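These notes are about the structure you will find just below.
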Amino acid sequence: MLSRVAERIYWQARYLERAENTARLLNVFSNLLLDLPDRTTLGWSDLVRITGASETFAQHYQAANETNLARFLISDPCNVSISAMLANARENARTTREVMPTEAFEGINELHYYAQSAAGKADDRSARNEMLEHIIESCQQIFGMLAGAMSRDAGYAFVRMGRALERADMVSRMVDVGARKLFAMLEDPAAPPEFAETWQGILWMSVLRSQSAYQMYRQHVRRRINGEDVVCFLLHNEEFPRAVIHNLTTISKVLPRLPNHGEVAELVNLARIELKHSHVPELVERGLPERIDHLQIHFAAIHDAISRTWFLPRT
Amino acid sequence: MHKRIDGSQRRRIHGVRCTAPKPAAADRSHQHCGKYELRELPLQIDWQSYDPGAFHDEMIEGPGAPRSTAQQLAAYLESLDRKDLDGKKLAARLAIKTMGISFTVYSDGQNIDREWPFDLIPRIIAAREWETTRRGLEQRVRALNCFIHDVYNEQKVFRDRIIDPALILDSVNFRPQCVGIQPRHKVWAHICGTDLIRDENGRFLVLEDNLRVPSGVSYMLENRRVTKRVFPELFENHRILPVTEYTQELFDMLASLSPRKQAYPEIAVLTPGIYNSAYFEHSYLAQRMGAELVEGSDLVVEDDQVYMRTIGGLSRVDVIYRRIDDLFLDPAVFNPESVLGVPGLFQAWLKGNVSLANAPGAGVADDKIVYTYVPDFIKYYLDEDPVLPNVPSYRCCNDSERSHVLANLDKLVVKPANESGGYGMLMGPRASAAEREEFARRIKANPRNYLAQPLISLSTVPILGEHSAEPRHVDLRPFILQGADSYVTPGGLTRVALVKGSYVVNSSQGGGSKDTWVVMGEGDAVPGS
């Protein structure tokens with residue numbers, strides 16, 4: 001497989017997964033805010049923080065309110081909006097059509113046009129929900145088509161790696177924000193202590209929902225929702241497909257299909273070991289944000305190694 | 001279990017509604033069946049009022065009288081009401097958008113990925129007539145390849161005074177670097193797109209041969225796919241020759257050029273990149289053949305061998321279907337500014353370590369002056385009579401012919417020898433006096449570079465207009481492959497001038513296209529069997 005093609009397939013998978021996660025995030029966030037009392041410190045600006053685009057947002061918008069955030073994340077021409085991600089995914093797909101199943105390209109193409117045309121729906125809450133759900137479903141469908149029609153060769157390995165790394169990254173961001181908000185709430189003197197536990201529950205439930213993890217969590221963890229268990233589930237659960245460790249494992253599993261995978265394998269292993277050895281109860285008490293930052297540094301290193309090994313030998 | 005049955009029933013009902021020819025009528029009434037309902041609606045296509053004027057129309061012979069091969073199609077189209085037709089139009093547009101069939105237009109410094117302009121009504125050619133045309137095309141490409149090989153090797157054609165050597169050796173498409181090369185099978189032009197038109201008598205004439213990097217074949221294939229989606233019911237009642245085997249034939253032809261004898265030669269399609277107007281096609285063909293689609297920067301030459309940069313390191317390439325012009329192929333030999341090509345590629349080809357299709361230098365026969373000699377080449381090299389006639393042409397390099405051209409500029413079409421895409425032409429009868437004067441000046445300054453032809457009254461076919469079927473002019477580009485064996489597409493790419501009265505069929509200048517059917521009649525045998 002050509003290096004250039006491998007790179008585009010990898011990015012296409014990352015963009016698709018990122019678009020899906022952003023849609024999930026926005027959807028869950030809208031619902032979450034409906035459940036929380038006005039006085040909580042959780043706000044739309046947190047959403048910008050999760051996507052890591054606070055600066056870009058500040059350059060283009062003044063207030064971090066629902067309308068601006070929805071526009072920013074759905075249709076803004078900058079790189080962090082869903083429609084821009086899908087445009088990127090489509091551009092990568094358009095330049096790798098020769099190795100992709102036709103129906104998957106058509107799916108991506110259609111989704112791209114849908115996102116372009118649906119930009120106007122960002123303002124209206126119910127139209128927005130419907131649109132975001134359509135995007136989530138379509139992304140799932142496209143990955144399904146890839147899974148159903150691509151040979152398990154190098155091409156598919158790059159799809160899986162791109163998707164897994166992006167997912168691990170997005171999940172870790174969600175956990176991060178959940179934890180930060182939790183601390184903020186616990187420390188907020190204005191918050192009536194009797195509600196703190198309820199809010200906590202709602203907050204973490206939303207984090208789970210954003211990852212379609214609520215049901216699976218319930219089946220695995222048979223007690224009242226609490227931060228410790230949720231973080232543990234989303235970081236450490238080997239069986240749950242959106243958990244960070246599961247995605248690192250996925251990468252390790254596809255690596256044997258690729259030549260010269262030594263360095264990447266080593267880095268993935270390092271990240272797994274470190275993650276496994278982190279003790280969640282302590283983390284949730286203190287140091288979770290630092291730990292997540294550390295994880296993200298690992299993800300970046302893995303990406304760099306992937307790029308160095310398979311994409312870069314170009315002049 | 002109960003749910004399942006329910007689900008499949010719903011799907012089935014839905015399926016019937018989608019493919020039944022009269023969904024509109026069926027929806028509207030519970031009492032009447034569709035047929036009765038239809039008669040009350042105004043019909044959109046009425047062949048009685050369809051008027052191609054003095055032109056040869058390929059579908060309709062006279063008012064209300066379709067030609068015999070088109071009778072079923074004509075009747076079917078007439079049976080559709082406005083709502084059906086609008087629905088079909090929309091379905092075609094959606095299919096094109098979803099399938100991502102596009103072409104790129106470069107304008108105002110920007111590249112725009114545009115949807116492919118497509119007309120719904122298929123163009124019909126009788127299989128018997130096509131058989132003759134096919135033989136003519138094959139014959140032509142055989143003769144052209146003999147000529148190219150001769151020019152770069154023995155040059156008998158000059159010694160026998162068939163053509164003036166100066167016309168060839170001074171041509172911008174002659175590559176002195178290629179002299180003495182013996183490509184496999186002595187074939188230089190492996191893929192040829194020959195443009196045909198029909199005159200006022202309906203006779204096929206050759207307009208030009210495209211031997212450099214002819215494009216359009218992917219649109220021919222996609223047009224068929226769109227028609228199948230939109231008019232599946234039509235395919236039941238017609239015996240239409242399939243076109244889909246083209247990519248297989250192309251693959252086999254390219255594989256037959258491999259310098260290494262191995263079961264799976266590595267074949268690559270070399271594209272200038274996504275900003276090229278034909279990128280869609282490059283990608284499409286690579287995909288259908290299972291070949292690698294490469295850009296210049298994906299390739300590297302070491303020790304006169306060509307390699308691709310892959311995730312596992314360098315990997316050898318045997319055959320390159322290049323979609324880049326000669327002059328950009330290799331900056332070490334041709335245009336040193338080219339960033340599209342691969343340094344050392346030409347040398348690797350010279351050494352026979354990689355095959356290039358078409359071979360560098362093949363364009364020497366893709367020249368409108370050389371075109372005028374093709375009937376002579378057919379006699380000279382093959383000792384056969386040309387099956388397909390040329391459009392009568394005047395060579396401006398010939399003194400007496402030039403005077404005739406200059407005296408009759410208002411009646412003739414003047415073409416530069418080396419332009420493609422319909423650029424740089426003079427349509428004498430429609431041009432202004434100033435434009436004609438400008439061309440007279442150009443011809444006198446550089447007679448070698450021009451030829452003139454009478455304005456042929458191009459045939460018409462119906463397109464689906466806003467309110468009815470309307471006649472528009474068309475040409476046809478069949479694709480001919482030559483390697484160890486040869487192959488001609490049944491039909492080809494029909495290009496249609498969508499503007500009323502216009503002769504300009506190029507997609508870059510407002511042209512569109514149609515599916516083209518070679519249809520067998522009752523007694524016809526399947527060709528090749």
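Annotations for the structure displayed:
- Filter result for the condition that a residue is more than 14 Å from chain B (Cβ to nearest Cβ) and either farther than 30 Å from B:Leu293 by Cα or of a type in the set (Phe, Trp, Tyr) (or both), over A:Ala23, A:Ala13, A:Ala19: A:Ala23
- Across region A:255-279, the number of residues qualifying as part of a helix (DSSP H, G or I) and either within 14 Å of chain B (Cβ to nearest Cβ) or among the hydroxyl-bearing types (Ser, Thr, Tyr) (or both) comes to 6.
- Odd one out for B:Gln287 among (1) surrounded by fewer than 21 Cβ atoms within 10 Å (Cβ to Cβ); (2) closer than 30 Å to A:Pro101 by Cα: (1)
- Among the residues of region B:348-367, those that are out of contact with any strand residue (DSSP E or B) (no Cβ under 7 Å at 6 or more places or on another chain) and open to solvent by 10 Å² or more (accessible area, probe 1.4 Å) comprise B:Leu350, B:Lys351, B:Gly352.
- The listed residue being in contact with a Phe, Trp or Tyr (Cβ under 7 Å, 6 or more places away or on another chain) and either of a type in the set (D, E, K, R) or more than 14 Å from chain B (Cβ to nearest Cβ) (or both), out of A:Ala64, A:Ala84: A:Ala64
- Unmet criterion (only one of (1) more than 22 Å from B:Asp199 (Cα to Cα); (2) open to solvent by less than 30 Å² (accessible area, probe 1.4 Å)) for B:Val505: (1)
- Which listed residue is at pLDDT below 95, over 17 Å from B:Asp367 (Cα atoms) and open to solvent by 20 Å² or more (accessible area, probe 1.4 Å), from B:Gln177, B:Gln155: B:Gln177
- Scope region B:300-332; condition away from chain A (no Cβ under 14 Å) and either surrounded by fewer than 15 Cβ atoms within 10 Å (Cβ to Cβ) or not in a strand (DSSP E or B) (or both); matching residues: B:Asp303, B:Asp304, B:Asp318, B:Ile324, B:Asp325, B:Asp326, B:Leu327, B:Phe328, B:Leu329, B:Asp330, B:Ala332
- Any hit, region B:438-445, residues being open to solvent by less than 30 Å² (accessible area, probe 1.4 Å), free of Cβ contacts under 8 Å to residues at least 60 places away in the same chain and either in contact with a Cys (Cβ under 9 Å, 6 or more places away or on another chain) or in a strand (DSSP E or B) (or both): yes
- The residues of region A:108-125 that are in a helix (DSSP H, G or I), more than 13 Å from every other protein chain (Cβ to nearest Cβ) and either in contact with a Ser or Thr (Cβ under 6 Å, 6 or more places away or on another chain) or open to solvent by 20 Å² or more (accessible area, probe 1.4 Å) (or both), listed by number, are A:Ala115, A:Ala119, A:Gly120, A:Lys121, A:Ala122, A:Arg125.
- Residues located in region B:114-147, provided they are in a strand (DSSP E or B), surrounded by fewer than 22 Cβ atoms within 10 Å (Cβ to Cβ) and not hydrophobic (A, V, I, L, M, F, W, C): B:Arg114, B:Glu115
- The residue that is modelled with the highest pLDDT, among those in region A:32-55 that are among the polar types (S, T, N, Q), surrounded by fewer than 17 Cβ atoms within 10 Å (Cβ to Cβ) and within 20 Å of the chain's Cα centre (by Cα), is A:Ser54.
- Conditions (1) closer than 25 Å to A:Thr95 by Cα; (2) more than 19 Å from the chain's Cα centre (by Cα); number of the one not met by B:Phe235: (1)
- The condition of being in a helix (DSSP H, G or I) and either more than 10 Å from chain B (Cβ to nearest Cβ) or surrounded by fewer than 20 Cβ atoms within 10 Å (Cβ to Cβ) (or both) holds for only one of A:Asn79, A:Asn129, that being A:Asn129.
- Taking region B:235-262 as the range and being open to solvent by 40 Å² or more (accessible area, probe 1.4 Å) and closer than 17 Å to B:Asn353 by Cβ as the test, the residues that pass are B:Pro259, B:Arg260, B:Lys261, B:Gln262.
- Scan of region B:370-394 for residues that are open to solvent by less than 50 Å² (accessible area, probe 1.4 Å) and either part of a strand (DSSP E or B) or in contact with a Leu (Cβ under 6 Å, 6 or more places away or on another chain) (or both), ordered by number: B:Pro389, B:Asn390, B:Val391, B:Ser393
- Selection over region B:488-511 of residues that are in a loop (DSSP other than H, G, I, E, B) and over 16 Å from B:Thr460 (Cβ atoms) gives a count of 6.
- Total residues in region A:91-107, condition open to solvent by 20 Å² or more (accessible area, probe 1.4 Å) and more than 9 Å from chain B (Cβ to nearest Cβ): 2
- Any hit, region B:333-346, residues being facing another protein chain (nearest Cβ under 9 Å), out of contact with any Lys or Arg (no Cβ under 7 Å at 6 or more places or on another chain), open to solvent by 40 Å² or more (accessible area, probe 1.4 Å) and under 30 Å from B:Gln509 (Cα atoms): no
The values are calculated or read from the model by the stated rules, or taken from the named source; none is laboratory data. All of these numbers come straight from a predicted model, not from anything done at the bench. Every residue, glycine as well, gets a Cβ built from its backbone with ideal geometry; the counts of neighbours run over all protein chains shown. Keep in mind that these areas ignore ligands, DNA and RNA; they rest on the heavy atoms of the full protein, side chains included. Shrake-Rupley method; radii C 1.70, N 1.55, O 1.52, S 1.80 Å.
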